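Have a look at the structure below before the remarks.
The values are calculated or read from the model by the stated rules, or taken from the named source; none is laboratory data. The structure displayed is predicted, hence computed values, not measured ones. With ideal geometry, Cβ positions are generated from the backbone for all residues, glycine too; neighbour counts draw on all protein chains shown.
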Amino acid sequence: MAFGTLDGDDDEVMSEINMTPLVDVMLVLLIIFIITIPVINHAVKIDLPRATNTPNDPKPQSINVSIDASGKVFWNQVEVDQAKLESNIALAAQQQPQPELHLRADREVRYERVAEVMAAAQHGGLGKIGFITEPRH
């Protein structure tokens, strides 16, 4: 299919395509899709069950246990001894849902002290222990 000019005296071929018919076809297709999509979504009639909206269980508070370089243990920023730590863990383990224990230990503290706190958490019944660290740069 060749495109020519209206003068008739030039036998040059036009290199431009008339975009108007293409745009018209695209607009018609767009209108057809806009009309048919809502019909397709609701084509099958079903009776959906009704559900009640139940509130989600509140996320339990986390417990922050810190161990400084000298080996002192802090329960939510309050210094505690081993007996108080174990009683706090036992009380926290009885809560429903059980809170997470976030353990922050100084890099200079002996691992033995960290293991003692972890063992106290395990014996007290806490099941979730997370270690808090600083990301490397």
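A few remarks follow.
- Looking at Arg50, Arg110, just one residue is closer than 21 Å to Pro135 by Cα, modelled with pLDDT under 95 and of a type in the set (Lys, Arg), and that residue is Arg110.
- Test for Pro58: is it closer than 30 Å to Leu126 by Cα and at pLDDT below 80: yes
- Residues (touching a residue at least 24 places away in the same chain (Cβ under 8 Å) and under 27 Å from Asn56 (Cα atoms)) located in segment 95-120: Gln95, Pro97, Gln98, Pro99, Glu100, Leu101, His102, Leu103
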